[in-house]
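First the structure, in the form of structure tokens, and then the observations on it.
The values are calculated or read from the model by the stated rules, or taken from the named source; none is laboratory data. In this text, all values refer to a predicted model and were calculated from it rather than measured experimentally. Note: ideal-geometry Cβ built from the backbone for every residue, glycine included; neighbour counts use all protein chains shown. Heads up: the accessible areas ignore ligands, DNA and RNA and are worked out on the full protein's heavy atoms, side chains in. Shrake-Rupley method; radii C 1.70, N 1.55, O 1.52, S 1.80 Å.
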Amino acid sequence: MNSNSSVQVPDTVMGPLNEFSATFSDSFAQPLKAMLPRTYSEGYGGSPRAFFNLLLTDPEGLGEECGARPIGAEDGTACAYAAFLTACFIIGIVFSVATCVYCTGFCIGRSCGDRCRCCCKLCGQANCGGPKPTQDYNKKQQFCCLIIFLVFWAVIMAIGILGFLSTNQMAIDMQDVITGMDQTVLYPEELSTQVNTTLDAIQRQSNGVFDSVNDRLTGRLIVNEKVSAFNSSLEAVIESYSSLKTYIEGQTTGGAPNPCAWNVNGTAVTWNEVGGYWQNGAMEEMVGTRCCSVQNTALLCVDGSHAIGLGSSINSRRPVSCSTFETPSGGNFTETSAACPCCCTCVERIGSLRMALRRMPSDAALEELNQPINTSTLGDTIFNAKEDVGAAIQEFDDTFTMFSDALQPAKDLLGNEAAIIGGAASVWALAWISMIIALVAFLCASAIFWWTSYCLGVLIVVVFFILFGVSSLIVLPFSDICTGMPVTNEDPSSWLLTFSTTNRIADVDPLLAALYTDCLVLTNPTGTLWSVAGLNEQNLTDKMDPYDVRKRLPDATVTRLLDAEANSAEFTTALPEMEADTEDRERVQVRLSASTLAALLAEGGPTSTQRAADWVAYQAAVDGRLADTRVLVDQAAAAQTALLSASSAVQANITAMKTETEAKLGAIVDDMWAAGDCADLNLLYEGVRRPMCDKLTKSLDSMWVLFFLMSVIWLPAFPVLCRMAKHSQQRRGISKVEDEDGEPKKKKKKKDKYEVGPGGEVKAKMEDGDGEKKEKKEGGPDPLAEIPVIGVEEGEKKKKKKKKKKDKGG
């Protein structure tokens with residue numbers, strides 16, 4: 001859950017009235033619902049889901065499909081549920097009309113008295129009909145009727161009070177639902193702003209965070225310089241060996257280079273620069289083969305040969321290097337023409353150095369290391385990610401806007417809390433008023449008040465049966481919706497089928513399905529707005545690939561360009577050999593033994609002396625060339641050392657750059673992923689579902705069943721009110737008991753039918769024919785005799801005053 005959440009969901013704590021509503025719903029509403037006529041199987045998964053599917057996706061189609069045949073639809077269809085709701089509505093209307101007709105007819109029959117005796121045949125009593133007592137009711141009958149009346153009075157008053165409280169609680173709960181729904185509908189804009197602000201902040205932070213990372217690439221320029229310097233030194237060494245080779249091998253008679261052909265014991269061989277070995281004509285390595293000048297053995301050594309040409313000049317004299325000396329039998333040296341020596345060692349060194357030069361990365365190749373992170377395009381990537389999360393936010397907006405629109409009729413009807421409370425007070429007050437009037441009727445023994453209460457009861461039955469039918473259209477769908485709506489951590493598949501046109505979960509909009517699983521009910525604990533949009537954290541990471549140095553500079557590329565040790569391995573291998581070459585001219589095939597030279601000098605003569613001097617000069621020239629080559633070799637070795645150092649530093653920097661980039665991009669991805677946190681959407685969803693399903697539906701159920709109970713309880717109460725009205729008439733001394741001739745029986749009376757007791761209360765007197773007061777004794781004293789009849793004493797006093805005025809006037 002986002003600790004910085006700005007979402008404030010409605011209070012879903014269950015209050016005392018909510019607890020009562022829940023208990024009342026479970027005890028009365030649910031059994032009543034089970035008794036209602038259904039043409040479909042219970043549960044949300046069948047007809048209710050099909051009904052809400054059409055209601056949400058094609059309300060006009062629902063009317064067209066079910067309008068013509070709402071009754072008798074097949075189970076599992078939307079029309080079966082529509083027929084059920086229609087039947088519940090009709091039940092309320094039918095009972096309302098039937099009650100009205102019956103009670104109206106009863107009132108007409110009672111008020112017309114003797115003129116409507118035909119209406120009294122079902123009663124079976126001769127004195128039935130009219131407002132007056134049908135018989136003389138004894139004290140037991142009156143007492144029992146009073147007890148029954150008081151029970152009905154208490155029950156109706158209690159239902160009225162509970163009904164008012166339930167209706168009031170329903171209005172409060174509806175406001176919670178409306179508040180939650182309104183907040184949910186408004187939240188997408190706030191969420192979009194919040195996500196965009198977060199991504200903008202991440203975008204701004206990314207602008208400077210990679211500057212230090214990019215600075216690590218500046219060392220590549222030094223590598224470029226060192227590679228260039230090393231290449232130049234290699235080329236110088238190659239040129240030096242090439243010049244030495246030409247000097248040793250001489251030239252053709254035409255003055256052109258006179259290259260040698262190489263063989264091992266007569267088998268032609270060539271030097272493989274890439275492999276660094278001698279190979280035969282079949283390109284097979286001649287293992288263990290070395291130059292004869294180095295190996296100094298005829299076994300597997302490489303020897304060279306070429307045509308006799310001209311040797312190198314020494315001081316503009318003839319090239320002595322291409323002469324051989326033989327000692328004839330006479331002991332004198334003779335000079336014969338021969339081919340110049342072949343520098344096999346030079347071939348090996350030049351091949352190795354060329355390979356090292358070939359392995360050195362070019363400037364264009366080293367430019368591959370120039371992979372700075374483009375913070376501008378990185379910012380664009382972060383900015384464009386808003387579109388992905390925006391799709392998820394839009395789906396949330398569309399979903400709850402659809403719910404809000406579907407609930408609009410209920411919001412219009414029940415959304416005005418003050419109007420609901422005022423209307424509830426007005427409606428439920430009918431029950432209170434009717435019972436208050438009935439109580440007054442009892443205390444005053446007034447038939448008019450009894451009939452007023454009766455007529456109000458008829459109105460109550462009519463109104464509340466209508467309310468029961470109309471509220472069924474709201475109460476029952478709300479209840480079924482809540483049965484289908486998934487709670488947090490519950491699989492929403494059954495509910496999602498509400499939004500499928502084919503009743504297949506695969507055809508549900510993937511965005512909607514992901515919205516429920518990842519954000520609204522959190523069955524996917526790692527879900528975010530990104531996952532709703534079809535992205536996982538790896539997908540966000542992949543979006544950062546163009547800026548990931550690990551991907552832009554793979555280890556193989558870095559090794560290929562910066563592993564100077566491997567790239568210059570041929571030079572490293574050849575270095576000790578070159579150092580040995582420069583210290584021993586015989587390794588380059590320049591050899592003339594000291595004994596031969598001494599013998600040549602001992603021969604005497606100017607020619608011999610000149611030859612000896614030429615050989616000394618030739619050897620000195622070779623030694624000078626080898627010394628120059630050694631200087632160049634040392635420079636190349638120093639250049640290699642500098643290159644190794646620079647390459648190692650840049651390689652270490654790139655490794656650190658990769659680590660830093662991975663961490664910083666990972667932090668950006670984590671921040672972006674966190675920006676898509678949708679725990680607030682679950683709060684908003686529960687902020688609608690819980691008030692609606694845990695509170696509103698219960699208070700609706702309670703109100704709905706109280707509508708029904710108020711209507712039904714009056715039906716047996718009507719006969720009680722009628723009987724109480726006749727008892728009141730009898731208490732006033734009015735009777736309709738007839739004698740055998742059909743004439744009303746007249747009671748003899750003295751001055752008064754009532755007497756005032758010691759406490760001032762008025763009591764009814766009963767006298768026999770002789771005027772003696774007698775008290776009924778059967779069953780003990782009359783329990784109603786002690787109840788004062790309000791208004792009777794005042795009425796008797798007025799009669800006495802009128803009588804006195806008459807006497808005075810007479």
Answer yes if at least one residue in the stretch 438-454 is among the aliphatic types (A, V, I, L, M), within 59 Å of the chain's Cα centre (by Cα) and open to solvent by 20 Å² or more (accessible area, probe 1.4 Å), and no otherwise. no
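Of the residues in the stretch 487-522, how many are β-branched (Val, Ile, Thr), part of a loop (DSSP other than H, G, I, E, B) and at pLDDT 90 or above?
Within the stretch 487-522, residues that are β-branched (Val, Ile, Thr), part of a loop (DSSP other than H, G, I, E, B) and at pLDDT 90 or above number 3.
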Report every pair of residues separated by at least 6 positions or lying on different chains whose Cβ atoms are under 8 Å apart, first residue within the stretch 228-247 and surrounded by fewer than 21 Cβ atoms within 10 Å (Cβ to Cβ), second among the acidic types (Asp, Glu). Ser228/Asp363
Contacts under 7 angstrom Cβ, first residue in the stretch 128-148 being part of a helix (DSSP H, G or I), partner at pLDDT below 85 and of a type in the set (Asp, Glu), 6 or more apart: Lys139/Asp782
Of residues in the stretch 248-278 being part of a loop (DSSP other than H, G, I, E, B) and either at positive phi or hydroxyl-bearing (Ser, Thr, Tyr) (or both), the one surrounded by the fewest Cβ atoms within 10 Å (Cβ to Cβ): Gly266
Of these, Gln635, Gln651, which one is closer than 25 Å to Cys344 by Cα and either at pLDDT 90 or above or buried (at least 16 other Cβ atoms within 10 Å of the Cβ) (or both)? Gln635
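Does Lys726 meet the test of being surrounded by 22 or more Cβ atoms within 10 Å (Cβ to Cβ) and touching a residue at least 40 places away in the same chain (Cβ under 8 Å)?
Yes, satisfied.
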Taking into account only those residues within the stretch 1-32 that are aliphatic (A, V, I, L, M) and within 23 Å of Leu162 (Cβ to Cβ), which is modelled with the highest pLDDT? Leu32
Given (1) among the small types (Gly, Ala, Ser); (2) farther than 30 Å from Leu665 by Cα; (3) touching an Asp or Glu at 6+ places or on another chain (Cβ under 9 Å), Ser212 misses just (2)
Residues of the stretch 438-495 satisfying the condition of being more than 30 Å from Ala514 (Cβ to Cβ) and in contact with a Cys (Cβ under 6 Å, 6 or more places away or on another chain): Val458, Val462, Ser472
Go through the stretch 277-300 and give me each residue that's at pLDDT 85 or above and either more than 15 Å from Thr345 (Cα to Cα) or touching a Ser or Thr at 6+ places or on another chain (Cβ under 7 Å) (or both). Trp278, Gln279, Asn280, Gly281, Ala282, Met283, Glu284, Glu285, Met286, Val287, Cys291
Residues in the stretch 408-423 that are surrounded by 12 or more Cβ atoms within 10 Å (Cβ to Cβ), among the aliphatic types (A, V, I, L, M) and at pLDDT 70 or above: how many? 3
Just the residues that are part of a helix (DSSP H, G or I), open to solvent by less than 70 Å² (accessible area, probe 1.4 Å) and not hydrophobic (A, V, I, L, M, F, W, C), please, taken from the stretch 524-542. Ser531, Asn539, Thr541, Asp542
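Going through the stretch 247-276 one residue at a time, which ones are among the aromatic types (Phe, Trp, Tyr) and modelled with pLDDT under 90?
Hit for the stretch 247-276 is Tyr247, nothing else.
One line per residue, one yes/no per condition, for (1) more than 30 Å from Ile437 (Cβ to Cβ); (2) free of Cβ contacts under 8 Å to residues at least 60 places away in the same chain:
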| site | (1), (2) |
| --- | --- |
| Leu456 | no, yes |
| Ile460 | no, no |
| Phe465 | no, no |
| Leu473 | yes, no |
| Pro477 | yes, no |
| Cys482 | yes, no |
| Met485 | yes, no |
| Glu490 | yes, yes |
Is it the case that the stretch 217-231 has a residue that's modelled with pLDDT of 90 or more, among the aliphatic types (A, V, I, L, M) and under 30 Å from Glu284 (Cα atoms)? no
Exactly one of Val389, Val440 is part of a helix (DSSP H, G or I) and without any contact (Cβ under 8 Å) to a residue 60 or more places away in the chain, and that one is Val440
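Identify, from the list Ala429, Ala385, Ala392, the residue that is more than 18 Å from Pro691 (Cα to Cα), at pLDDT 75 or above, surrounded by fewer than 19 Cβ atoms within 10 Å (Cβ to Cβ) and aliphatic (A, V, I, L, M). Let's see the steps before the verdict.
Numbers: Ala385 fails: surrounded by fewer than 19 Cβ atoms within 10 Å (Cβ to Cβ); Ala392 fails: surrounded by fewer than 19 Cβ atoms within 10 Å (Cβ to Cβ).
Every option except Ala429 fails the conditions.
For the condition modelled with pLDDT of 80 or more, touching a Ser or Thr at 6+ places or on another chain (Cβ under 7 Å), open to solvent by less than 20 Å² (accessible area, probe 1.4 Å) and among the hydrophobic types (A, V, I, L, M, F, W, C), what is the one hit in Ala50, Ala78, Ala73?
None of the other options fit; the residue is Ala78.
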